[in-house]
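Everything on this sheet refers to the single structure shown next.
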Amino acid sequence: MKREIPLLIVGITGVMMFFQYYVPTGWSTELFVRSQDWIIVIGILSLPLGIWSLLNANVQKLQKVKGERFYSAVLLIGFLVMVLTGLRRENLEAGSVHMTIFSTVLIPIQATIFSLLAFFVASAAYRAFRARSVLATILLLTAFIVMFRFIPLGPISTANLGAVAWILSVPNMAAKRAITMGIGLGATATAIKIILGIERTYMGHD
Amino acid sequence: MGILEKMMQLDRRWIYLAVGLAVIIPAIVGFRVPVAVSPEVKRVYDFVNDIKPGEYLFVAMDYDPTTLAELNPMAEAILKHAFSRNEKIVIVTLAQFGPGMVEQITNGLAKEFNKTRGVDYAFLGYRPYPAITILAMGVDFRVPFPVDYYGVPLDSLPVMRGIKNFYNVKGVIDLTAGNTADMWLVDGNGRYGFPLAIGITGVMAADYYQYLQSGQLFGIIPGIKGAAEYESLVNMPGQGMAQAAYQVVAHSVIIMFIIISNFAFFATRRRRGQVGGAR
């Protein structure tokens, strides 16, 4: 029963949601709205699990792992401060402690980490972007043409509009569509296998 | 080791230094670069410009602070354009860290254009599960967002009276740095058929041009260049125009490094008398 009941729930829900999507009636809309509530309820139930796991792992590190104590302490303090300062809805408005920490700590940290990519990209381009073969040369030239299109260089950016439009809408699109269709077919096949109970790895075992 | 070999083995810290200077110097000096408007950005501008005062524009700001440098200028330019034309705006964010940024931008612009929250625009807030939220908004905005970001029931907001779902807005502009663009395409445009445009980071641009040709998107604003183009169209220079200068210099440096790298590569190969081939 431990196996059959979850499979039955997944199968029935999958078929119901499939028909709900393709049969837009009052009944199916009501079903969709109800399912929204269920998704939120399930999401809320999983939240304490995630929080417990995060806190537990970092408290363990704080007590036992010498080299990582500092990072765990930062995480735990940050977690507690953000939770306590954000408990009330009024604290989500500009000027509150919660929003001040968000805009003066989190935003700069995230933006800084992401901006480091520019340095790695420049370094990687220097080492990898070499015309070692015919294919590499084609890639290099194509990259140059497209790159010039997306840099704000005034008339130079628009001089190669036709070439870039062709690259983007013929070879690029052919490859992208092939990949997208492959992903779509794969996702559909996996969804059907899950609904029919063939694919069971989501339950933690075959 | 000769100079060519040294160039081939250039320490990455020199590259980091050059890129750093390429960003810092234009920021200090401050100069403008010419911005030529591309058709895909012009179409977004025309679309917003054709919305009559009092009609609705839906803007999704689905990005985190990681990409705010590219996407905030777009958001500001579009919102400034819509506010200046007295259009009603409904804003959501489907990104976890989006609400704080949306709050900052909308509050600042609302003051600048003398707009009132709940009357001229609504910020519905954030909900997880983007695809489901988009599908639910197609039924009724009140399904995923019974209250707005500030806890006010949507029915009590004057701006939300008489507006139920996507059929009541003229179109949707999604500013995104992730796969929510795919969800807006499939679950939004595909399911409900509303006109959709996207503003995306520069690296994502090539991935989404296929949807322009298919007609699923009516416009794309790609990266800082797109933001600068939009700012030039609305004649309100902002961060997009400023950052375009940094981008030109940084890209030029990267292009220069690629040229140096290839020059060193070919010169070294010729010297060694090797015949080139795929490796």
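Just so it is clear, none of the values below were taken in a lab; they were calculated from the coordinates. These figures come from a predicted structure and were not determined experimentally. Here the Cβ positions follow ideal geometry from the backbone for every residue, glycine too, while neighbour counts run over all protein chains shown.
Brief remarks follow.
- At least 27 Å along the helix axis (C-alpha) and Kyte average at least 0.5, DSSP helices within chain B: B:239-272
- Considering only A:165, A:6, B:74, the residue lying farthest towards the positive end of the dipole of the protein assembly as shown is A:165, judged by Cα position with unit charges set on Cβ.
- The eigenvalues of the Cα gyration tensor, multiplied by 5 and square-rooted, give region B:26-96 an equivalent ellipsoid with semi-axes of 24, 19, 11 Å from largest to smallest.
- Peptide ranges A:57-69, B:204-216 listed from the most packed, as the mean C-beta count within 10 angstrom indicates: B:204-216, A:57-69
- Its residues counted as N, the protein assembly as shown yields a C-alpha radius of gyration over 2.2 N^0.38 Å of 1.09.
- Rg/Rg_globular for region B:62-156, with Rg_globular taken as 2.2 N^0.38 Å and Rg from C-alpha atoms: 1.06
- Cα→Cβ-extended label distance, 7 Å offset, between residue B:9 and residue A:110, nm: 4.2
- Since only B:107, B:252, B:213 are under comparison, the one whose Cα sits farthest along the positive direction of the charge dipole of chain B, derived from C-beta charges on Lys, Arg, Asp and Glu, is B:252.
- Each residue, residue A:198 and residue A:3, gets one label point 7 Å from its Cα in the Cβ direction; the gap between the two is 1.7 nm.
- Helices that extend 30 Å or more along their long axis by alpha-carbon positions and average at least 1.0 on the Kyte-Doolittle scale are, among the DSSP H runs of chain A, A:107-128.
- Computed E for residue A:117/residue B:114 - FRET, C-beta separation, R0 41 angstrom, nearest 0.05: 0.60
- Secondary structure note: in region B:39-237, about 5% of the DSSP beta bridges are antiparallel.
- Amide H to amide H, with H built 1.01 Å from N, residue B:118 comes under 5 Å of B:123, counting only residues 5 or more places away or on other chains.
- Kirkwood Rh, angstrom, chain A [1 / mean 1/r, Cα pairs]: 23.9
- Charge dipole of the protein assembly as shown (Cα centre as origin; +1 on each Lys and Arg Cβ, -1 on each Asp and Glu Cβ, all else neutral): 1680 debye, rounded to the nearest 20.
- Here the 3J(HN,Hα) profile of region B:191-201, calculated from phi with Karplus coefficients 6.51, -1.76 and 1.60 at θ = phi - 60°, is 7, 10, x, 6, x, 10, 10, 10, x, 9, 6 Hz, Gly and Pro shown as x.
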